[in-house]
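Taking it in order: structure first as structure tokens, then the write-up.
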Amino acid sequence: MIEESLATPQLTSTTAILSSPVRELREFAEHPDAYLEDLFANPEAAARTWLRMGEPHRFQYNDGVVSLAWQGAPLLGAPVWDDVCGIWRGLVEVVADYSATGRGETLLPDQPVSVVLEQIRGGALLRIGDAAVRVDPAVFNLELLAEAERFWQWTELHGIPVDAPGALTEITRARTSLGLAAGL
């Protein structure tokens with residue numbers, strides 16, 4: 001079942017960096033594309049935006065949007081924005097904690113949005129803010145780690161000065177804790 005699910009991902013994601021400050025939440029909610037540069041749709045422009053908009057001399061923090069959808073159902077995205085590195089670190093931590101205890105939880109770095117993954121009969125329940133969906137934890141965890149890895153590899157490839165090696169090590173640890181040593 002896992003091999004079959006890898007052919008058609010059930011989890012989709014993208015990450016986008018804010019290209020200009022959000023001054024009006026309603027405007028951002030109605031027209032997020034006017035404020036965001038998608039890392040994967042236009043990688044070079046997104047890298048320039050990251051370096052231009054990031055915290056000076058310390059690009060460990062950069063506001064943006066991580067969008068997640070499970071089987072097409074949106075779970076996270078605009079208008080919620082936050083530190084994209086912190087969001088991805090938190091999501092990996094949720095998977096690692098879930099594999100250790102049957103429950104993983106985090107809050108987005110600067111938003112009142114919680115992410116909870118907990119074991120339930122026949123699978124797991126994923127709650128992000130007000131959204132909730134039942135997931136197959138083996139598939140969800142594997143695909144989430146792959147998406148996190150894709151993000152951190154993008155930062156490395158584009159020379160974004162963040163701790164991608166450390167984050168990739170945490171992803172490897174989380175995979176190992178799932179019994180999925182080092183690769184897909």
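The values are calculated or read from the model by the stated rules, or taken from the named source; none is laboratory data. Just so we're clear, the structure is a prediction, and the values are computed from it rather than from any experiment. Neighbour counts run over all protein chains shown; Cβ positions are idealised from the backbone, glycine included.
Observations on the model:
- Checked against (1) surrounded by fewer than 14 Cβ atoms within 10 Å (Cβ to Cβ); (2) closer than 26 Å to GLY166 by Cβ; (3) touching a residue at least 40 places away in the same chain (Cβ under 8 Å), ALA29 meets all criteria but (2).
- Residues (of a type in the set (Gly, Ala, Ser), outside any loop (DSSP other than H, G, I, E, B) and free of Cβ contacts under 8 Å to residues at least 60 places away in the same chain) located in segment 110-144: SER114, GLY123, ALA124, ALA131, ALA132
- Exactly one residue out of GLN111, GLN119 is at pLDDT below 95 and polar (S, T, N, Q): that is GLN111.
- GLY159 falls short on exactly one of the conditions (1) in a helix (DSSP H, G or I); (2) closer than 24 Å to SER20 by Cα; (3) not hydrophobic (A, V, I, L, M, F, W, C), and that condition is (1).
- ASP136 vs. criteria surrounded by fewer than 19 Cβ atoms within 10 Å (Cβ to Cβ) and out of contact with any strand residue (DSSP E or B) (no Cβ under 7 Å at 6 or more places or on another chain): no
- Residue within segment 76-84 that is at positive phi, assigned to a loop (DSSP other than H, G, I, E, B) and surrounded by 14 or more Cβ atoms within 10 Å (Cβ to Cβ) present: yes
- All conditions in (1) surrounded by 21 or more Cβ atoms within 10 Å (Cβ to Cβ); (2) at pLDDT 90 or above; (3) closer than 20 Å to HIS158 by Cβ; (4) of a type outside the set (Lys, Arg) hold for ALA124, with the sole exception of (3).
- Of all residue pairs spaced 6 or more apart or on separate chains, those with beta-carbon atoms under 9 Å, a first member in segment 159-176 that is touching a residue at least 24 places away in the same chain (Cβ under 8 Å) and a second member that is of a type in the set (S, T, N, Q) and outside any helix (DSSP H, G or I) are ILE160/ASN62; PRO161/GLN60; VAL162/GLN60; VAL162/ASN62; ASP163/GLN60.
- Cβ pairs under 7 Å, 6+ apart, first in segment 83-108 and closer than 20 Å to SER13 by Cα, second surrounded by fewer than 19 Cβ atoms within 10 Å (Cβ to Cβ) and basic (Lys, Arg): ALA96/ARG173
- Of the residues LEU6, LEU18, the single one that is closer than 21 Å to ILE171 by Cα, modelled with pLDDT under 95 and of a type in the set (A, V, I, L, M, F, W, C) is LEU6.
- Taken as a whole, the condition of being more than 25 Å from ALA46 (Cβ to Cβ) and outside any loop (DSSP other than H, G, I, E, B) applies to GLY104.
- Test: residue in segment 59-74 that is at pLDDT below 90 and either under 18 Å from ARG134 (Cα atoms) or out of contact with any strand residue (DSSP E or B) (no Cβ under 7 Å at 6 or more places or on another chain) (or both): yes
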